[in-house]
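Below is one structure, written out as structure tokens, with a few remarks after it.
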Protein chains: 4
Amino acid sequence: MSTGQADAPLPPRPLPDPAADDPPGHGPLLSRAEFDGLFDSVRTWGRWTPAGRGAWNRVTPDHVRRAAALVRSGRTVPLGLPWDTRPGPDNGRPALHHMTDLGDVEPAEPATHKDFLAADYHGKAVTHLDALSHVAYRGELYGGTPARDAVGAGGARFGSVADLGALFTRGVLLDLPAALGVHWLEPGHTLHARDLLDAERLLGATLDEGCALLLRTGRFRRRGETGPWDSGTASAGLHPDAVPLLAERGISLLGADGDSDVRPSPVAGVHSPVHALAVAAMGVPLLDNLDLEQLSTACAEAQRYEFALVVAPLMVPGGTGSPVCPVAVL
Amino acid sequence: MSTGQADAPLPPRPLPDPAADDPPGHGPLLSRAEFDGLFDSVRTWGRWTPAGRGAWNRVTPDHVRRAAALVRSGRTVPLGLPWDTRPGPDNGRPALHHMTDLGDVEPAEPATHKDFLAADYHGKAVTHLDALSHVAYRGELYGGTPARDAVGAGGARFGSVADLGALFTRGVLLDLPAALGVHWLEPGHTLHARDLLDAERLLGATLDEGCALLLRTGRFRRRGETGPWDSGTASAGLHPDAVPLLAERGISLLGADGDSDVRPSPVAGVHSPVHALAVAAMGVPLLDNLDLEQLSTACAEAQRYEFALVVAPLMVPGGTGSPVCPVAVL
Amino acid sequence: MSTGQADAPLPPRPLPDPAADDPPGHGPLLSRAEFDGLFDSVRTWGRWTPAGRGAWNRVTPDHVRRAAALVRSGRTVPLGLPWDTRPGPDNGRPALHHMTDLGDVEPAEPATHKDFLAADYHGKAVTHLDALSHVAYRGELYGGTPARDAVGAGGARFGSVADLGALFTRGVLLDLPAALGVHWLEPGHTLHARDLLDAERLLGATLDEGCALLLRTGRFRRRGETGPWDSGTASAGLHPDAVPLLAERGISLLGADGDSDVRPSPVAGVHSPVHALAVAAMGVPLLDNLDLEQLSTACAEAQRYEFALVVAPLMVPGGTGSPVCPVAVL
Amino acid sequence: MSTGQADAPLPPRPLPDPAADDPPGHGPLLSRAEFDGLFDSVRTWGRWTPAGRGAWNRVTPDHVRRAAALVRSGRTVPLGLPWDTRPGPDNGRPALHHMTDLGDVEPAEPATHKDFLAADYHGKAVTHLDALSHVAYRGELYGGTPARDAVGAGGARFGSVADLGALFTRGVLLDLPAALGVHWLEPGHTLHARDLLDAERLLGATLDEGCALLLRTGRFRRRGETGPWDSGTASAGLHPDAVPLLAERGISLLGADGDSDVRPSPVAGVHSPVHALAVAAMGVPLLDNLDLEQLSTACAEAQRYEFALVVAPLMVPGGTGSPVCPVAVL
């Protein structure tokens, strides 16, 4: 059994019978050719203008209004991890935080305290958004632009995070541990389309056009209780065969407390197949390393797994993404 | 006349007669004793728990719901400036943006492009939030904590940006150039309470408990047309005598396209009196260097200067603030 | 036995009989009062002008000439470790190395490649020099300046690395593993004055006024063979009772492949007693984390443990030290 | 007249008659074809192993010994500029210096003060060494390696600064202002082979195999007196037609208080022809932005323009150069 057993009360809900399921694993393994077929089948290249905004173009003013209408309790939940300056198995390039003025550098009054922040934020330790320039498959960015032409030492000329702007849309939390009655999914636990469909049903939240899917695997609950591990080699996440469902529903954004990909990868020679499918084929930006613990509690208490979601990356011209603190408003 | 004259059409509205006003200037000059009296008169120390969240405690779930109800057109406007790595008269500590992987560092497939972001973000060039630890007056942070005890090389132990969490509340844009029928306010143009009251009336938006006031001086319109200048020595902004009005209304947040303070300062020996009053006396975080140009247009088109505002700083433990891209949703 | 046994040939030399020695350990333990007495006994405060150059003032032009005269074979040996960007047990704040131009940012011809280097270099991973501002004991820097007055967020106003300039002097390698016929000293191996005297005799090199003592414990030989460990908690190094010998000889500089201090510390409540004595009492800058492996070989081959040594820190105004690549010329 | 006139005493020496010279200028202009011919004529590709050490391979142990023998007065002169964190016309990417521990982060005793240094050091503000990977001409690094294959986001696989190690050799200061009896050469002043020959004769120092040529234009004297300027567009330096002399003499290193190139460039379409010739054709590393003011005084006082020179870059694997503080010992 690859899940942490719930030893504390969980909200009562009909639980699936794990024994009746296939054991969760990394399979089925996909060949590179099968994966390439999948890639082509979910590809939306050429669909939108501006192309660099990808699936965020799905979010119309009407979606925005409907997302605002989801605000009921007024509870505001930030989804960003604390800025972490300590190295660890899941923090190979730790962020920096330096105090640059302690009231003794520039003249008082008032005294001002200042600090410097820095991060090579892609990785497993910083909550961040992946813009479309972050991922190239077979040498091509979303839309077919050759990566080598579009991304250089000066930054990305296509698919920059500054092309995305901000997103305000309906968010859906598929809280897998809550749906399964466990504390977390074990690293390697593989999610297929049927798992997402089950979670939709059990949690009462349905993915629809323009929504942002947030996927909770319980990574940070597990990390808090058992300590950090290298989530780049072992993580719960989506099998690529779940992606066509997301394509069909028309999600605008895919987020997770990990990075959405199951690891080890079930596709030979493709270490991050969901990244390739979402970003490069479908133009769907990713949110990695979300802190979904407080949101899990809030949704359970509200008995509602949908909310208004705001994602406002830093406007970095040529940036491949941005550290970010998304906010859910219930 | 200290304003840029409008040479392009502006939305028709009743214009004040500038000649009838006192000439805008830095006055009246306040003595240090007068300022200290003002400081004490607007002080809210001890009012809230947690103290480090200051005036954000004013924003109740009810305020959040009412903010969400302001979303009508569904237009989403990001308010962050582009990340600027070039030094200039208003960018003395330029931000950094380095590409750290061009698909050639970590193994493909997919190839991933990565970048490093860094900023000593306080100053005049990065859109950022000031947390309560940013400002101390007479050696004390908001609430009276001695700054020397609370802020060290390891960060702030009181008033960290991580104490703030996220804000979702009603935003009000007091678009002074729009109210005055000019393109921008000249550096040094000083705003008093009556200017804010006039703007409220002319723009049809009223400051109320828990709202976020965004003050547009047209800085970036001016900068675009006349080039950058050192806004640390010359900027349009609030006279401290306008602050009691903000205290009376109970704003939760004060933002501007500058840093809210008029410069040169009208208070002898206090270079940033509005910072001292807002942050250290009232517990009101500040948003500095907002890009309000697009929002100005959006509000003019909507003929409405209120909206839902989201501010989601990075969760930096011990941080004195954060680069941020606030979002207005109309 | 706390030493790595030599399983490969070492240069023949009379070996001490380890069994006849007291077992190497961390003792004797010193009380704080005993340590304070030691501190006062080796203190050179007030001796030199400029004070911030400390014991580098010992090096006269005559010492420089004599150091140059030590150059015989013309073999030049750099002593800096490779810049290490990967975290590890002895690299808690890894250095940064980013490529900022790959010939595609600034115009060709020629194409230029550029990079960015950064380090919070104090610690166990970067070869660096400690200037006199690095260490304060009982609140005081070398010479008695209160640290709180002299060092702030803007840097050090006393004892900056820029006060040191460059050093060219006679270097002496006390290669303890070579002297003892072992591959390395085990972490915790404690060196007393008699160990240094023995090494002087066995290696035929005597410490004298103005010389730089480089102490090899074999740390990087051990690290290469057994992997990295947290040398902040366990390292071979000097017992404070060895320091009076160094004071008596009048060394100008103390360097090591560790940081000269034995760890755990034999002084209750003083984690780095040799740092306190050398820097704060004696004004002797330290070189930490030297790569002495190649120099060990060169000295063994030359059968000579003295050479010209050059230390040229970066000229950082207000800096507490500098990454550096010292050079020995034999 | 393009030189700053000497209004203070200079060491007496036979002065050239500037009026008798051709007026210094940027000419003669070279066509691209002429430049390419020059490039081929000075090329030393394939001459040395290891190739990445280029012309530093010229420096034999015998050269080292002879350099040491030049030490007479024992005067040690560091040649590094102060680390400059303020932007300016010649400092477009200012270095960083942050205090990261003020004795309040890690436990005392002793208290330790720590700092963080960072620089995108190529440019006009940091004294630095250019390794062979820094410059590619017509797409090729020294030796013919295609730059695109050899240099990527992970660093340089050929011509890294770590391949250079350290240099100890004879240094020669060609102090042009001293030779010409002026305070500095004006930006744009162009130096030809005959100027170097004249300076050799007037200063009594001859370039020979393996020596390091340091070229003083008086840039920092001028900067101190007239303020900073963009030395990337206007600087005194070498015309490419001076380079064959340097090739003939077999220098190992070329340094200057600027970056050796005269600007504007006299070669159409090649903005840094001397960089291309020295680094890419001849394998000669460059030292840029040396502070030669103190050395100028020292050489004048010693009436000797040769000395031992030490260059010890940081050992950055894959680095294209390094900030450095070279040291002259007279």
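The values are calculated or read from the model by the stated rules, or taken from the named source; none is laboratory data. Quantities reported herein were computed from a predicted structural model and do not represent experimental measurements. A quick note on method: Cβ atoms are made from the backbone with ideal geometry, for glycine too, and the neighbour counts reach across all protein chains shown. For the accessible areas, the whole protein counts, side chains as well, though only heavy atoms, and no ligand, DNA or RNA atoms are used. Shrake-Rupley method; radii C 1.70, N 1.55, O 1.52, S 1.80 Å.
Within the range B:166-183, is even one residue facing chain A (nearest Cβ under 7 Å) and modelled with pLDDT under 95? Checking the range B:166-183: not a single residue is facing chain A (nearest Cβ under 7 Å) and modelled with pLDDT under 95. Set side by side, the residues A:Gly52, A:Gly123 differ, and just one is part of a loop (DSSP other than H, G, I, E, B) and more than 30 Å from B:Pro266 (Cα to Cα), which is A:Gly123. In the condition set (1) more than 10 Å from chain D (Cβ to nearest Cβ); (2) outside any loop (DSSP other than H, G, I, E, B), C:Arg86 is compliant with all but (2). Quick check, is C:Thr217 touching a Phe, Trp or Tyr at 6+ places or on another chain (Cβ under 9 Å) and open to solvent by less than 30 Å² (accessible area, probe 1.4 Å)? Taking the combined requirement at face value, the residue satisfies it. Kindly indicate whether any position in the range A:199-207 is open to solvent by 40 Å² or more (accessible area, probe 1.4 Å), in a helix (DSSP H, G or I), out of contact with any Asp or Glu (no Cβ under 7 Å at 6 or more places or on another chain) and among the basic types (Lys, Arg). Scanning the range A:199-207, I find at least one residue that is open to solvent by 40 Å² or more (accessible area, probe 1.4 Å), in a helix (DSSP H, G or I), out of contact with any Asp or Glu (no Cβ under 7 Å at 6 or more places or on another chain) and among the basic types (Lys, Arg), so the answer is yes. Restricted to the range B:259-279, and to residues there that are in a loop (DSSP other than H, G, I, E, B) and of a type in the set (Val, Ile, Thr), the residue that is nearest to the other protein chains (Cβ to nearest Cβ) is B:Val270.
Can you spot a residue in the range A:245-258 that is open to solvent by 10 Å² or more (accessible area, probe 1.4 Å), more than 28 Å from A:Ser73 (Cα to Cα), within 17 Å of the chain's Cα centre (by Cα) and modelled with pLDDT of 95 or more? Yes, the range A:245-258 has at least one match. Scanning the range A:116-147 for residues that are under 13 Å from the mean Cα position of the chain (by Cα) and hydrophobic (A, V, I, L, M, F, W, C) yields A:Ala125, A:Val126, A:Leu129, A:Ala131.
Taking residues in the range D:99-118 that are more than 7 Å from chain C (Cβ to nearest Cβ), and partners anywhere that are open to solvent by 10 Å² or more (accessible area, probe 1.4 Å) and assigned to a strand (DSSP E or B), the pairs with Cβ atoms closer than 7 Å and at least 6 places apart or on different chains are D:Asp101/D:Thr112; D:Asp101/D:Lys114; D:Glu106/D:Thr112.
Looking across the range C:119-138, just one residue is of a type in the set (Val, Ile, Thr) and within 7 Å of another protein chain (Cβ to nearest Cβ), and that is C:Val135. If you filter the range C:215-255 down to residues that are in a loop (DSSP other than H, G, I, E, B) and of a type in the set (Val, Ile, Thr), you find that the one that is farthest from C:Ala179 (Cα to Cα) is C:Thr233. The condition of being in contact (Cβ under 8 Å) with a residue 12 or more places away in the chain, at positive phi and facing chain D (nearest Cβ under 10 Å) holds for only one of C:Gly318, C:Gly283, C:Gly218, C:Gly250, that being C:Gly318. Give all pairs with beta carbons closer than 6 Å in which a residue from the range A:175-192 that is closer than 17 Å to A:Pro266 by Cβ meets a residue that is assigned to a helix (DSSP H, G or I); count only pairs at least 6 apart in sequence or on separate chains. What qualifies is A:Leu185/A:Leu176; A:Leu191/A:Ala242; A:His192/A:Asp241; A:His192/A:Ala242.
Scanning the range C:120-133 for residues that are open to solvent by 10 Å² or more (accessible area, probe 1.4 Å) and closer than 12 Å to C:Asp259 by Cβ returns C:Gly123, C:Lys124, C:Ala125, C:Val126.
If we scan the range A:19-28, do we find a residue that is crowded, with 22+ Cβ neighbours inside 10 Å and over 22 Å from B:Asp120 (Cα atoms)? Yes, there is a match, as at least one residue in the range A:19-28 is crowded, with 22+ Cβ neighbours inside 10 Å and over 22 Å from B:Asp120 (Cα atoms). Scanning the range A:280-313 for residues that are assigned to a helix (DSSP H, G or I) and either crowded, with 24+ Cβ neighbours inside 10 Å or in contact with a helix residue (DSSP H, G or I) (Cβ under 8 Å, 6 or more places away or on another chain) (or both) gives A:Ala280, A:Ala281, A:Glu293, A:Leu295, A:Ser296, A:Cys299, A:Ala300. Listed by first and then second residue, the pairs with beta-carbon distance under 7 Å, at least 6 apart or on different chains, first residue in the range C:62-79 and closer than 16 Å to C:Ala302 by Cα, second open to solvent by 30 Å² or more (accessible area, probe 1.4 Å) and of a type in the set (Gly, Ala, Ser), are C:Ser73/C:Ala302.
Across the range C:139-150, the qualifying residues are those that are touching a residue at least 60 places away in the same chain (Cβ under 8 Å) and open to solvent by 10 Å² or more (accessible area, probe 1.4 Å), and the one among them that is nearest to the other protein chains (Cβ to nearest Cβ) is C:Glu140. Applying a threshold of 7 Å to beta carbon distances and a minimum spacing of six or more residues, or different chains, the list of pairs starting in the range C:159-172 at a residue that is farther than 18 Å from C:Ala256 by Cβ and ending at one that is open to solvent by less than 10 Å² (accessible area, probe 1.4 Å) and modelled with pLDDT under 95 is empty. Here B:Trp48 clears all of (1) among the hydrophobic types (A, V, I, L, M, F, W, C); (2) surrounded by fewer than 22 Cβ atoms within 10 Å (Cβ to Cβ); (3) closer than 21 Å to A:Ala312 by Cα except the condition numbered (3). Candidates A:Ala108, A:Ala69: the one that is hydrophobic (A, V, I, L, M, F, W, C), modelled with pLDDT of 95 or more and out of contact with any Leu (no Cβ under 9 Å at 6 or more places or on another chain) is A:Ala69. Within the range C:314-330, restricting attention to residues that are assigned to a loop (DSSP other than H, G, I, E, B) and of a type in the set (A, V, I, L, M, F, W, C), the residue that is surrounded by the fewest Cβ atoms within 10 Å (Cβ to Cβ) is C:Leu330. Of the residues B:Arg93, B:Arg66, the single one that is assigned to a loop (DSSP other than H, G, I, E, B) and more than 7 Å from every other protein chain (Cβ to nearest Cβ) is B:Arg93. Evaluating A:Ser73 against the criteria (1) crowded, with 24+ Cβ neighbours inside 10 Å; (2) farther than 30 Å from C:Val151 by Cα; (3) of a type outside the set (D, E, K, R) leaves one unmet condition, (1). When C:Arg263, C:Arg223 are checked against the criterion of being open to solvent by less than 20 Å² (accessible area, probe 1.4 Å) and in contact with a Ser or Thr (Cβ under 9 Å, 6 or more places away or on another chain), C:Arg263 stands alone in meeting it. Criterion first (among the hydroxyl-bearing types (Ser, Thr, Tyr), open to solvent by 20 Å² or more (accessible area, probe 1.4 Å) and modelled with pLDDT under 95) does B:Ser31 satisfy it? Answer is no for this residue.
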